[in-house]
């Protein structure tokens, strides 16, 4: 798929990896719908991208809100042929800590947003992609999900986050197989330690320590590096059903 023909919905597009992806796509001539929480700066981000972008507010874990947002996106963009799932949250809690067992509601909240929210957006976006005219390769759409190296190397306190991201990795191949007959590809990116708003809340010594754990390049990943890979996935029709680690060869220690 040529980037100029992309009509993409980017969840979590108001910040971090999603914002970088939306900006890079818009710069390549694509049109973008930024799907993020109503209270997010999504409207301002869309405005900064000019006529190429619109803001379609929704909670990714809500079936009704996402369905309405995608209907609006298709109406404004003319079609939906790419979905980039970047929306996600994290929490730190030991399974059993000094204050007792982990709070089940916190575990559930992370699963609802990260895993169920991702699947919710895929299933609803696929209904729009199925209506697209196929390309010469029979392609009608591309779905890009965001997992994490925590899916493989989860650290102490990351049970909920790792489970949610591991679920995204686990469903990548079966969803790709489900949608293959429609000509919709599904690929997941598993980033390592990236420069995102969540990481920006950490003290500088902690950030420096994290950067030193990356074999090469020994630094934090930049959101535009994620965006560059997302754009390559869109243009390379042979990438399907796979999870790609984007992590500088890091393997996370227990803590």
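The values are calculated or read from the model by the stated rules, or taken from the named source; none is laboratory data. Predicted model, so just to flag it, every value in this text is computed and none were measured. FYI the Cβ positions are ideal-geometry reconstructions off the backbone, even for glycines, and counts take in every protein chain you see.
Mind listing whichever residues of region 109-123 are out of contact with any strand residue (DSSP E or B) (no Cβ under 9 Å at 6 or more places or on another chain) and closer than 20 Å to residue 7 by Cβ?
120, 123
In this structure, does residue 160 turn out to be in contact (Cβ under 8 Å) with a residue 40 or more places away in the chain, closer than 29 Å to residue 255 by Cα and not in a helix (DSSP H, G or I)? Give the derivation first.
Numbers: in contact (Cβ under 8 Å) with a residue 40 or more places away in the chain: yes; closer than 29 Å to residue 255 by Cα: yes; not in a helix (DSSP H, G or I): no.
Considered against the rule, which asks whether it is in contact (Cβ under 8 Å) with a residue 40 or more places away in the chain, closer than 29 Å to residue 255 by Cα and not in a helix (DSSP H, G or I), residue 160 comes out as no.
Taking the conditions exactly as written (assigned to a strand (DSSP E or B) and within 18 Å of the chain's Cα centre (by Cα)), does residue 83 satisfy them or not? Don't jump to the end; show me each part of the working.
Values: assigned to a strand (DSSP E or B): yes; within 18 Å of the chain's Cα centre (by Cα): yes.
Yes.
Answer with yes or no whether residue 175 is assigned to a helix (DSSP H, G or I), in contact with a strand residue (DSSP E or B) (Cβ under 7 Å, 6 or more places away or on another chain), farther than 16 Å from residue 11 by Cβ and modelled with pLDDT of 95 or more. Full working, then the answer.
Numbers: assigned to a helix (DSSP H, G or I): yes; in contact with a strand residue (DSSP E or B) (Cβ under 7 Å, 6 or more places away or on another chain): yes; farther than 16 Å from residue 11 by Cβ: no; modelled with pLDDT of 95 or more: yes.
No: the conditions fail for residue 175.
For residue 245, are the conditions met, namely being touching a strand residue (DSSP E or B) at 6+ places or on another chain (Cβ under 6 Å), surrounded by 22 or more Cβ atoms within 10 Å (Cβ to Cβ) and in a strand (DSSP E or B)? Give the derivation first.
Working: touching a strand residue (DSSP E or B) at 6+ places or on another chain (Cβ under 6 Å): yes; surrounded by 22 or more Cβ atoms within 10 Å (Cβ to Cβ): no; in a strand (DSSP E or B): yes.
Considered against the rule, which asks whether it is touching a strand residue (DSSP E or B) at 6+ places or on another chain (Cβ under 6 Å), surrounded by 22 or more Cβ atoms within 10 Å (Cβ to Cβ) and in a strand (DSSP E or B), residue 245 comes out as no.
Of all residues in region 99-112 being more than 30 Å from residue 10 (Cα to Cα) and modelled with pLDDT of 95 or more, which is farthest from the chain's Cα centre (by Cα)? Break it down stepwise before answering.
Here is the first cut: in region 99-112, the residues more than 30 Å from residue 10 (Cα to Cα) are 99-103.
After this cut, where a residue has to be modelled with pLDDT of 95 or more as well, the list is 100-103.
Working: 100: 32, 101: 30, 102: 26, 103: 26 Å.
Of everything passing the filter in region 99-112, 100 is farthest from the chain's Cα centre (by Cα).
For region 24-53, what are the residues that are outside any strand (DSSP E or B) and touching a helix residue (DSSP H, G or I) at 6+ places or on another chain (Cβ under 7 Å)? Full working, then the answer.
At the first step, the residues of region 24-53 found to be outside any strand (DSSP E or B) are 24-30, 36-52.
Correct list: 24, 25, 26, 28, 29, 30, 36, 45, 49, 52.
Residue 170 - would you say it is crowded, with 17+ Cβ neighbours inside 10 Å, under 18 Å from the mean Cα position of the chain (by Cα), without any contact (Cβ under 8 Å) to a residue 24 or more places away in the chain and not in a loop (DSSP other than H, G, I, E, B)? Talk me through it step by step, then tell me what you get.
Details: crowded, with 17+ Cβ neighbours inside 10 Å: no; under 18 Å from the mean Cα position of the chain (by Cα): yes; without any contact (Cβ under 8 Å) to a residue 24 or more places away in the chain: yes; not in a loop (DSSP other than H, G, I, E, B): yes.
No: the conditions fail for residue 170.
Just one of the numbered conditions (1) under 17 Å from residue 244 (Cβ atoms); (2) in contact with a strand residue (DSSP E or B) (Cβ under 6 Å, 6 or more places away or on another chain) is not true of residue 193; which one?
So the condition that residue 193 fails would be (2).
Does region 74-106 hold any residues that are farther than 30 Å from residue 133 by Cα and without any contact (Cβ under 8 Å) to a residue 12 or more places away in the chain, and which are they?
Step one: list which residues in region 74-106 are farther than 30 Å from residue 133 by Cα, which gives 88-106.
Within region 74-106, 96, 97, 98, 99, 100, 101, 103, 104, 105 meet the criteria.
Suppose we filter region 56-82 for residues that are within 17 Å of residue 140 (Cα to Cα) and surrounded by 15 or more Cβ atoms within 10 Å (Cβ to Cβ); how many remain? Even if it seems obvious, please write down each step before you answer.
As a first pass, look at region 56-82 and keep what is within 17 Å of residue 140 (Cα to Cα): 70, 73-74, 77-82.
Filter once more, so that each one left must be surrounded by 15 or more Cβ atoms within 10 Å (Cβ to Cβ): 70, 73-74, 77, 79-82.
Here the count works out to 8.
Can you go through 14, 53, 23, 46 and tell me which one is modelled with pLDDT of 95 or more, crowded, with 22+ Cβ neighbours inside 10 Å and within 15 Å of the chain's Cα centre (by Cα)? Show your work before the answer.
Numbers: 53 fails: within 15 Å of the chain's Cα centre (by Cα); 23 fails: crowded, with 22+ Cβ neighbours inside 10 Å; 46 fails: within 15 Å of the chain's Cα centre (by Cα).
Testing whether each residue is modelled with pLDDT of 95 or more, crowded, with 22+ Cβ neighbours inside 10 Å and within 15 Å of the chain's Cα centre (by Cα) leaves just 14.
What's the total number of residues in region 207-242 that are in contact with a strand residue (DSSP E or B) (Cβ under 9 Å, 6 or more places away or on another chain), assigned to a loop (DSSP other than H, G, I, E, B) and within 19 Å of residue 16 (Cα to Cα)?
Looking only at that region, the number is 2.
Filter region 137-157 for residues that are surrounded by fewer than 24 Cβ atoms within 10 Å (Cβ to Cβ), under 21 Å from residue 184 (Cβ atoms) and at pLDDT 95 or above and give the result. Walk me through how you get there before you give the answer.
Step one: of region 137-157, the residues surrounded by fewer than 24 Cβ atoms within 10 Å (Cβ to Cβ) are 137-140, 149-157.
Still in the list and also under 21 Å from residue 184 (Cβ atoms): 137-140.
The answer is 138, 139, 140.
Against the condition out of contact with any strand residue (DSSP E or B) (no Cβ under 7 Å at 6 or more places or on another chain), under 22 Å from residue 119 (Cβ atoms) and modelled with pLDDT of 95 or more, how does residue 67 come out, does it pass? Outline the logic, then answer.
Working: out of contact with any strand residue (DSSP E or B) (no Cβ under 7 Å at 6 or more places or on another chain): yes; under 22 Å from residue 119 (Cβ atoms): yes; modelled with pLDDT of 95 or more: yes.
In short, yes.
Among residues belonging to region 195-221 that are touching a residue at least 40 places away in the same chain (Cβ under 8 Å) and farther than 16 Å from residue 152 by Cβ, point out the one that is surrounded by the most Cβ atoms within 10 Å (Cβ to Cβ). It would help to see each step written out before you state the result.
Within region 195-221, the subset touching a residue at least 40 places away in the same chain (Cβ under 8 Å) is 196-198, 213.
Subset that is farther than 16 Å from residue 152 by Cβ: 196-198.
Numbers: 196: 23, 197: 11, 198: 13.
Applying the filter and picking the extreme gives 196.
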